[in-house]
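Some notes on the structure that comes next.
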Amino acid sequence: MMQSHRSSWRPLWAAGAALVLLIVAGAVRVASSERQTAPPTRSTGDRWWKREPIRFLQTNLSENDSTADPKALVAAVADFGANTFLMNMGGIVAQYPTKVPFHYPSTFLPPGRDLFGDVVREAHGRKIRVIGRFDLSKTQRPVFDAHPEWFFRRANGEPVIYNGLYSTCINGNYYREHALTILAEALERYEVDGLFFNMFGNPSADYSGVPTGPCQCQACQTRYRARYGRPVPATADADYRAFMADSSREVAAAIAELIHRKRPNAAFLTYIQDHTDGIMSESNTAVGRALPMWPYSASDNVRRSLGSEPDKVAINLAMSFIDFPWRYAHVPQPETALRLYQNLAHGAPPAAVVSGPLPQADRSGLLAAKPVFDWHARHEELYVGQKNAARVLLLATGDMASYRGFFRVLTEEHIPFEVSENRRWMEDGSRFDLVIAPEAAPPELERYVRDGGRLLVAGATPPPVPVGTIAGRKSTQGYWRIHDRTVLPSLKNTDLIFLDGEYLEIAPLARPILTLIPTAMFGPPEKVWSDKVETTVPGLVLANHGKGQVACLPWDIGSLYYRHSSEPHRGLIADLIDRLLPAGRQLTTNAHPLVEMTMMDQPDRGRTQIHLVNGTGHHDTAYFPPLEIRDIRIDLARDVRRARAVALNQDLPITVNGRVRSFTLPLLHAYEVIVIE
Ligand SMILES: [Zn+2]
């Protein structure tokens, strides 16, 4: 479980930061936004996680679960239908008789027992792969007494102690040296198929949500001063976050090297993108998290991982529990099922997490997951080698609300899209017809547009391409007046679009499309708009730049849509996307907006898959089974010889109209895959 379970999302492209800690709905990633070249990758043949269908089950054992019967545990994993099992191995507590100093077997492990070793043997006997879980972020008092310099220091000099465990520091020699000794023993002794690291890096808060502040240990101070010429700040800022992210990357590089040297076929898995073979993320809940819920959590996490690092595996964990204090009580079953279907639809394996051994006190988490795992087992061939075929890219820039607003419009409009947190996609910019920067577009996009790219940018920060003289940044609770509907056919029922918040004041246009009406009197009704002023401040600028085109909405339409779901905001975004797409949409449909569709290629099989995830069961804080939906028509602007609905087990008749091929899915339950050949 991640340290930022309760945290909010932070912007990726923070000014001047080469690396920032990105916190997404409870999942922390270290994303490199500056790196130009990918680290060397091994050949696909080595990587079981890229060539085999994976059904991933994780259980987090407490130390007093060390008495679990390994045969029964693995039998339960097999019965559940998982073929990859992630279980506690070492770090805070070792589930094997480790001989490395300052590394402690569970005191509950019966004498002579090797729980982890027995599980590996049992699991491999059943062809189940085993991932060993380590947590190096904390350890026990005797280690602190012997090596206080390995540990996190608060500003007052005190260590961070939680339930008797002392927090280590990513820059101390527990992480940087001793951990490699611990891991070398583990890798030499056990035929693990991978290692997973929880809490990789210095958490900013403990499990109870109490902030730790920046680490002031000697190792951090020395490294920080060498980098910035000043001491570690009292509170975390962008520089400190960049420093921490780099620190985690450095340790990740050393651990990756060790794993790949000692056990070349083992995967390195954690929540960061750099040096790992698989990127972990979580779809989770927390009782203190601000509403609204984010029903696209799994879609979002997997898109980010694979869109940013397409050569890796994305393991998005459906966390069964409600929040840390309730490890053994689970979220609604349809919520778990929805997360798992979203994983499948975006190219990730089904992955479920429970706490404690099997069977569970609350059976609902695994009961919800089992039908999805069974489906996956019956249709494994659908899920290996999927690549997102979308030709629209949404950048994970700006703040969370702006991004999610665009994410929702694209999903509700059924426009296939990919997400990236970095700029590796620019190595082959032609893969996308349109790039959308919800807010704070990175400056490199200027080159992308100049070379012929199409860009939709929104928000009250200056765009990366010239759109006219900018007079400043202002704020209002007003409207945009619509002047030109030829560009905006969706807005035929209104002359006004509402605006709440900041906008960038750009010089007037000769042919305005939207112009600002700033705040005017709104009460009492007798006085409304008595003082209204119509300005020439544009709310939309369409511009050519080099060989490319840009549409700039100089206000934060994304976060407005995220919060209010205004129809004109959705229509405006959809119309601009249609205007910018040179060959129109890849896919059009009459599907309900809460049916999520993805278009995934399977290059090795020469086919495309359209996944449909039925999200109609979500309402406010509730998840119910989705409503059945009939007669979903899909039009594709490509050749289609055969369209087969896998869940219905039937071929769909194809009609031809010019270059468009159409077919109709007669019935959608929770999930469907249409295989296009
Ligand atoms: Zn430190």
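The values are calculated or read from the model by the stated rules, or taken from the named source; none is laboratory data. Nothing here was measured: the structure is a model prediction, and the numbers come from that model. Here the Cβ positions follow ideal geometry from the backbone for every residue, glycine too, while neighbour counts run over all protein chains shown. Just the protein is used for accessible areas: all its heavy atoms, side chains included, with ligands, DNA and RNA removed. Shrake-Rupley method; radii C 1.70, N 1.55, O 1.52, S 1.80 Å.
Scan around Leu86 for amide H atoms under 5 Å from its own, H built in the peptide plane at 1.01 Å from N, and keep only partners 5 or more places away or cross-chain.
Result for Leu86 returns Leu57, Gln58, Thr59, Ile131.
Return the sequence-ordered ³J(HN,Hα) values of the range 669-677 in whole Hz as given by the Karplus equation 6.51 cos²θ - 1.76 cosθ + 1.60 applied to θ = phi - 60°, using x for Gly and Pro.
Ordered by residue, 3J(HN,Hα) equals 8, 7, 7, 8, 10, 9, 8, 9, 10 Hz.
So, R0 is 25 Å and r is the distance between the beta-carbons of Thr621 and Leu367; what FRET efficiency does that work out to, to 0.05?
About 0.75, to the nearest 0.05.
Sort the following peptides by mean Cβ neighbour count (other Cβ atoms within 10 Å, averaged over residues), highest first: 230-239, 541-550.
In decreasing order of mean packing, 230-239, 541-550 become 541-550, 230-239.
Could you run the Karplus curve 6.51 cos²θ - 1.76 cosθ + 1.60 with θ = phi - 60° over the range 368-373 and give me ³J(HN,Hα) per residue in whole Hz, x for Gly and Pro?
5, 7, 4, x, 6, 5
Sum -39500 (n - 2.57) across every DSSP H segment of at least 4 residues in the chain, then divide by the residue count to get the 222 nm mean residue ellipticity, nearest 500.
-7000 deg cm²/dmol
Round to a whole number: what % of the accessible area of the range 62-208 belongs to carbon and sulfur, probe 1.4 Å?
Ligands and nucleic acids excluded, carbon and sulfur reach 50 percent.
Would you mind working out the accessible area per residue for the chain, using a 1.4 Å probe, and quoting it in Å²?
Averaged over the residues of the chain, the accessible area is 38 Å².
Can you classify the range 387-465 as rounded, prolate or oblate using the Cα gyration tensor, where a ≥ b ≥ c are the square roots of its eigenvalues, rounded means a/c under 1.5, and otherwise it's prolate if a/b beats b/c and oblate if not?
oblate
Just need the relative contact order of the range 473-515 here, percent rounded to a whole number, with Cα pairs under 8 Å and 6+ apart.
Rounded, it is 56 percent for the range 473-515.
Among bridges DSSP assigns within the chain, what percent are antiparallel (round to 5)?
Around 60 percent antiparallel, to the nearest 5.
Give me the percent relative contact order of the range 467-593, please, defined on Cα pairs under 8 angstrom at least 6 residues apart.
25
Order 460-469, 529-538, 54-63, 397-406 from most to least packed using the mean count of other Cβ atoms within 10 Å.
397-406, 54-63, 460-469, 529-538
Explain nothing, just the number: relative contact order of the chain, from Cα pairs under 8 Å at least 6 residues apart, as a whole percent.
Rounded, it is 11 percent for the chain.
Hey, for a label at Ala238 modelled as a point 7 Å past Cα toward Cβ, could you say which residues of the range 492-517 have their backbone N under 20 Å away?
It comes to 502-504, nothing else.
Hey, can you grab everything whose amide H is under 5 Å from the amide H of Ile506? Only 5+ residues off in sequence or another chain; H modelled, so Pro and N-termini drop out.
So Ile506 has HN proximity to Ala471.
Determine ³J(HN,Hα), in whole Hz, for all residues of the range 136-146 in sequence, where each value follows from phi through the Karplus function 6.51 cos²θ - 1.76 cosθ + 1.60 and θ = phi - 60°; x replaces Gly and Pro.
Per residue, the Karplus-derived 3J(HN,Hα) values read 9, 7, 8, 7, 9, 3, x, 5, 4, 4, 7 Hz.
Answer rounded, prolate or oblate for the range 538-677, using the Cα gyration tensor with square roots of eigenvalues a ≥ b ≥ c: rounded when a/c is under 1.5, else prolate when a/b is larger than b/c, else oblate.
Note, shape of the range 538-677 comes out oblate.
Compare the Cα positions of Phe663, Val210, Met426 along the charge dipole of the chain (+1 at Cβ of Lys, Arg; -1 at Cβ of Asp, Glu; about the Cα centre) and return the one farthest towards the positive end.
Result: Met426, furthest along the dipole toward the positive end.
Rounded, prolate or oblate: which fits the range 315-386 when a ≥ b ≥ c are the square roots of the eigenvalues of the alpha-carbon gyration tensor, with rounded for a/c under 1.5 and prolate only if a/b beats b/c?
Prolate is the answer for the range 315-386, as a/c is 1.5 or above and a/b outweighs b/c.
With a 1.4 Å probe and every protein chain kept in, tell me what percent of the accessible surface of the range 566-624 is carbon plus sulfur.
47
Mind putting a number on the dipole of the chain about its Cα centre? Charges go on the C-beta only, +1 for Lys and Arg and -1 for Asp and Glu, and I need it in Debye to the nearest 20.
780
In whole percent, how big is the carbon plus sulfur part of the accessible area of the range 408-509, probe 1.4 Å, protein atoms only?
47
Which residues' amide hydrogens lie under 5 Å from the amide hydrogen of His618, considering only partners 5 or more residues apart or on another chain, with H built in the peptide plane?
Under 5 Å from the amide H of His618 lie the amide H atoms of Phe624, each far enough along the sequence or on another chain.
Which residue, chosen from Gly548, Ile497, Val143, occupies the Cα position most advanced towards the positive end of the dipole of the chain, where the dipole is computed from +1 (Lys, Arg) and -1 (Asp, Glu) charges on Cβ about the Cα centre?
Going by the Cα projections, it comes out as Gly548.
So which of Lys50/Lys312; Lys50/Lys387; Lys127/Lys312 end up more than 18 Å apart by C-alpha?
Lys127/Lys312
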